[in-house]
Amino acid sequence: MYSCFVGRSVVLTDTTDTSAIVCATLESNESHITAIANFPSSIAGTVILRQASSPENAATSVCVDLFRVTGTDNSTVETLGWDLYSSPVPADTTNTELSRRCTNIGNVETDLTTRHGRLSASLQKGQNVKCFVDLNLNVRSAIGKTLAIKSSDGSIVSCGTVRQVMKRNTLTRISRDGVKGSVKMSQDSMYDPTRIEVNVTGLQSLGGGYHIHEWPVPQKLETAEAVCDPSRVAGHFNPNNIVVSNSPSAGTGTVDQYEIGDISGKFGLLTGKTELIAAYTDFNLPLFGVNSVIGRSIVIHKAAGGARWVCANIESTEEMRIAQITFTYPYIGYIVFQQPRADWYYAETQIYVELDMNAQTGKSLNHKWHIHEKMVGMDSLETNGRCVSTGGHYNPYQVDLEGNYASQCSPTNPHRCEVGDVAKKHGNIDIGTTSEGKQRYLFTDVDLPLSGPLSIIGKSVVIHGANNGGERVSCANIYELPKRVVKVEKWSQMESASVSGYVKLSENAAGCLSGVSSTEINLNNLASQAGGLHVHLYPVPPDTASPCSPANVGGHFNPFGVDVNASPANGAGSDDQYEVGDLSGRYGNPLNGKASIDVTEVDTFVPLRGPLSVVGRSIVIHKADSSRWLCGNIMEDTTATKGVLYKAMASFKEGTIQGSITLVSMLMKCES
C-alpha cells in the first residue's frame with residue numbers, strides 16, 4: 001500500500017487562513033538515488049526518477065514535465081510516447097548534427113507508454129506535469145541509458161540520457177583576523193536537505209551573525225580595502241525575498257522563515273562564543289539549481305553594531321573548469337565562468353560579473369548581454385559595425401525565437417532559451433556604480449556548458465547599449481583559464497649545500513577573486529640547518545656571487561605592510577596576520593630542524609594570478625640563524641601545465657639610463 005504514495009506530497013492548509021499552506025514529500029527514511037533525463041531540443045523539459053536505495057525493489061517515483069521549444073506558433077497540446085533505450089545519447093559527448101542527436105541510442109528496453117500511458121507537451125513549462133509510481137523500474141539500471149520521446153507516428157522527437165544526480169560538497173576555508181576554520185556543506189540531491197558542518201575558532205566572543213552573501217569575495221589588492229563590504233559581496237542571499245523583519249528571533253523558527261543565506265537566523269548566533277563546532281540540517285539551503293549557494297560567500301559579523309568582520313568563498317570540492325572574459329573597451333573588467341569538470345553535463349555554471357566603464361564615471365543601466373556563436377574578429381574597436389564578427393546568439397538547440405519566447409524564456413525556464421541568451425535567463429546588467437566602482441553580479445546557469453561538444457569556451461560575449469539598447473558596444477572572447485602551477489626547483493646558493501627538491505604552488509581560481517592555493521614542499525639534504533621559508537620581492541638574477549642577498553632579491557613580499565613584530569607565533573595565527581611572503585610563519589616553520597620534508601599546506605593568502613601574484617618572484621630558504629642560504633625563482637611548471645614560456649627584453653645600453661626590462665608570458669595549451 002505504501003508504494004502507491006511514494007513521491008506524492010501532503011499539503012496542510014490552515015482552516016482559518018487558506019493562504020497558510022505547508023507541504024512535504026512522502027518518502028521512506030532511506031537514502032535515495034535520484035536521476036534526471038534532460039531534453040534540450042524540440043520537446044524540452046525533464047524526467048526525474050527517484051528511488052530509495054533499499055530495498056533493491058523499492059518503488060520508483062517518476063515525474064515528467066515536457067513542453068515545446070520549436071513550432072511554438074500554435075497552442076496545440078502534443079500527445080507523445082516514451083521509451084527507455086539501451087544506450088546513452090552519443091551527441092552528449094561528441095559533435096553531432098542536431099537532426100541526428102537521437103540516433104545510435106540502442107534498442108528499446110522498456111515501453112513506458114504501455115506501462116504509464118502517453119505524455120503531453122504544450123507551450124509552457126509546468127502545464128503538463130505528470131507523476132507516476134513504477135514498481136518495476138530500477139533507477140540504477142536506467143542510469144546511462146536514454147529516454148526517448150516519440151511523436152504519434154513513433155518517430156523520436158527528443159531524447160536525453162538518464163544521469164545520476166551526484167552529491168554536492170562545498171568547503172569554505174576561513175583564515176582572517178585570527179578567525180580560523182571551515183564551513184562544509186553537502187546535499188545528496190535537489191530533493192534532499194543540506195548538511196552544514198561548522199568548525200570555527202578564534203572568535204574571541206566578538207562574533208554575532210553569520211550569513212551567505214550574494215557575491216564571492218574579490219581578491220584583495222590594497223591594504224585598506226574592505227573586501228567584505230556591501231560593494232564587494234552585497235547583502236544576504238535572499239532570492240525568495242523574505243521580509244527580514246517578519247522572521248522569528250534567531251534559532252526559534254523553521255528554516256523557510258529566514259533568508260536562504262541567514263545561517264545564524266536559522267540555527268543561532270555566535271554571540272559570546274570563542275568557537276563554534278556544530279552540525280545542522282537545512283531544508284532551505286540549495287546546492288543545486290538557480291538558487292545554489294555555490295560560488296557565493298560567507299560573512300561573519302561582529303556582535304557590536306553588526307559590522308562585517310571576516311569573509312570567505314563557498315567553493316565546490318570538485319575540480320572546476322574555469323573560463324574568463326577580459327573586457328578592455330569601452331567597458332572594462334571580467335566575466336568568469338566556472339563549472340565542475342567531472343559532472344559538467346548536469347552541473348550548473350556560476351557566472352561572476354565585474355564590470356566598470358573606461359571613459360566615463362557613474363553607472364550605466366540596463367544592458368543586454370549574450371553569448372555569441374563566433375569569436376571576436378578585428379572589429380571590436382570599430383565605430384560602425386562593432387562586434388559584428390561574433391555572429392548571432394549561441395543557439396545550438398535551435399529553439400524557436402518566435403511565439404512565446406519573450407514570455408517563457410526566463411531564469412526558471414532556461415530550456416526555453418537560447419543557450420547564449422544570458423540576458424533573458426538572468427536579466428540585463430548595469431555597468432559601473434554611482435560611487436565610481438565596479439558593478440558585480442553572480443548568476444547560476446543550469447544550461448551553460450564549459451565542457452563537451454557544446455562548450456561556450458572559444459565563443460564570445462557581446463554587451464549591448466544602455467537602456468535595453470540594441471547596438472553592440474563591447475565584446476570579448478571566452479578563454480579557458482587553466483589551473484596555475486608554479487615551482488621552484490633550481491636553487492642558487494649563498495654557500496655550499498647539497499639541498500635538492502622543490503617548492504610547488506598551485507591555484508585554480510580567477511585572478512579577480514579570492515582563491516585558495518596549495519603549497520607543496522619537498523626538500524632533501526637540509527642537514528637540520530634550515531629555518532625560514534619566504535617569498536621575496538624580486539627574482540634571482542643570473543650569474544651573481546651573492547644571489548640571495550637583499551640587493552638582489554629584496555625583502556619579504558609584503559604588499560599589505562603587515563607588521564612582522566605583531567604577527568602571532570609561527571602557525572598560530574590566521575593567514576592574513578603574516579606577510580604574504582611569510583610561508584614559514586603561516587605553516588608553523590616546517591623546515592626547522594628537519595633533514596628532509598614532504599608536506600602540503602593550504603593557503604588563502606598567496607595569489608598566483610592578478611597584480612599581487614607571487615609568480616616571477618623568488619623563494620628564499622633561510623638558515624636557522626635567519627641568514628639567507630638558498631634561493632630560486634618561482635616559474636611556471638610547464639611539465640604540469642603543458643604551457644610554453646615566452647620572454648621579451650628591452651635593453652638600454654646608451655645614455656644615462658642603462659639596463660633592461662624583461663617581459664615574461666605563458667601561453668597555455670588548454671584541453672578541448
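The values are calculated or read from the model by the stated rules, or taken from the named source; none is laboratory data. As the structure is a prediction and not an experimental result, all values here were calculated from the model. Please note: Cβ atoms are built from the backbone with ideal geometry, for glycine as well, and neighbour counts cover all protein chains shown. When the accessible area is computed, the model is the full protein with side chains, heavy atoms only, and any ligands, DNA or RNA have been set aside. Shrake-Rupley method; radii C 1.70, N 1.55, O 1.52, S 1.80 Å.
Structural remarks
- Meets criteria (more than 30 Å from Leu80 (Cβ to Cβ) and free of Cβ contacts under 8 Å to residues at least 60 places away in the same chain) for Lys180: no
- Qualifying positions in segment 208-251 - part of a helix (DSSP H, G or I) and open to solvent by 40 Å² or more (accessible area, probe 1.4 Å): Pro230, Ser231, Arg232, Val244, Ser245, Asn246
- Wholly enclosed strands (runs of 3 or more DSSP E) of segment 588-672 bearing at least 3 residues open to solvent by 40 Å² or more (accessible area, probe 1.4 Å) and touching a residue at least 24 places away in the same chain (Cβ under 8 Å): 597-603
- Conditions (1) open to solvent by less than 30 Å² (accessible area, probe 1.4 Å); (2) touching a residue at least 60 places away in the same chain (Cβ under 8 Å); (3) farther than 16 Å from Ser264 by Cβ; (4) of a type outside the set (Phe, Trp, Tyr): number failed by Thr201: (1)
Residue-by-condition table, conditions (1) open to solvent by 40 Å² or more (accessible area, probe 1.4 Å); (2) over 24 Å from Met375 (Cα atoms); (3) in a strand (DSSP E or B):
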residue	(1), (2), (3)
Ser474	no, no, yes
Pro482	no, no, no
Val485	no, yes, yes
Ser498	yes, yes, no
Gly511	no, no, no
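- Candidates in segment 1-21 are the residues that are among the polar types (S, T, N, Q) and surrounded by 10 or more Cβ atoms within 10 Å (Cβ to Cβ); of these, the one that is modelled with the highest pLDDT is Thr13.
- Among the residues of segment 658-667, some residue qualifies, meaning at least one is polar (S, T, N, Q), more than 38 Å from the chain's Cα centre (by Cα) and on the phi < 0 side of the Ramachandran plot.
- Of the candidates Ala24, Ala91, the single residue that is under 31 Å from the mean Cα position of the chain (by Cα), of a type in the set (A, V, I, L, M, F, W, C) and surrounded by 20 or more Cβ atoms within 10 Å (Cβ to Cβ) is Ala91.
- In segment 280-311, residue farthest from Asn413 (Cα to Cα) [restricted to those that are open to solvent by 50 Å² or more (accessible area, probe 1.4 Å), touching a residue at least 24 places away in the same chain (Cβ under 8 Å) and more than 24 Å from the chain's Cα centre (by Cα)]: Ala304
- Subset tally (residues that are in contact with a Phe, Trp or Tyr (Cβ under 9 Å, 6 or more places away or on another chain), assigned to a strand (DSSP E or B) and buried (at least 21 other Cβ atoms within 10 Å of the Cβ)) for segment 158-178: 7
- When Ala342, Ala347 are screened for being part of a loop (DSSP other than H, G, I, E, B) and either touching a strand residue (DSSP E or B) at 6+ places or on another chain (Cβ under 8 Å) or open to solvent by less than 20 Å² (accessible area, probe 1.4 Å) (or both), only Ala347 passes.
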